[in-house]
1. Return the long-range amide H neighbours of residue 94 (sequence gap of 5 or more, or a different chain), with a cut-off of under 5 Å between placed amide H atoms.
2. Rounded to whole Hz and in sequence order, give me ³J(HN,Hα) for the range 8-24 from the Karplus expression 6.51 cos²θ - 1.76 cosθ + 1.60, θ = phi - 60°, writing x for Gly and Pro.
Amino acid sequence: MMNEDFERFKKREVKAKTIFVIRPVPKNIAYFFVRRYHYLADAKFFSMYSYGLFYRETDKLVGVATFSLPQGNVALKGWFGLPNSDKSVVELSRLCVLPELNKTNATSFLLSGAIRLLKKEDSIRAIITLADSSRHVGSIYQVCNFQYYGLTDKKNDFFRFDGVVN
């Protein structure tokens with residue numbers, strides 16, 4: 001039945017809200033899903049909040065959005081004038097859906113629903129996200145009304161195991 005519903009969804013015969021539900025998901029489940037379906041695969045990430053997109057009929061997890069504290073030692077101070085210890089700004093750290101849902105609005109439905117749930121957290125006042133321009137341009141963020149503020153500087157502060165800073 002899931003494949004049939006997905007096909008109807010892809011053809012826009014049914015709306016996302018009729019076949020999917022979004023709710024918090026344990027971090028370990030979100031991490032497993034991301035490892036399997038996100039293009040960064042096993043690249044480590046930290047998650048404070050994790051939300052899942054579930055197929056209503058079977059309760060199968062079909063997408064994940066995770067949010068973490070911004071990475072990088074100057075992000076909060078440089079961008080917002082906040083101390084790095086501030087926890088009121090979170091970063092969308094991973095966002096992915098099953099491959100058969102790509103090129104549908106499932107991803108934007110998940111992201112907007114996750115943001116609605118995240119807004120209920122008293123301490124959160126802003127969400128940022130960064131697009132890896134070597135992989136994509138962040139069109140999903142534009143669809144979800146994120147403001148574009150330009151490109152960040154190329155990273156040049158990588159620390160190597162031999163103690164040299166590049």
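1. Under 5 Å from the amide H of residue 94 lie the amide H atoms of 66, each far enough along the sequence or on another chain.
2. 5, 5, 4, 7, 6, 7, 10, 8, 4, 5, 7, 10, 10, 9, 10, 7, x
Values in this text are rule-based calculations from the coordinates and carry no lab data. Not measured: the values here are computed from a predicted model.
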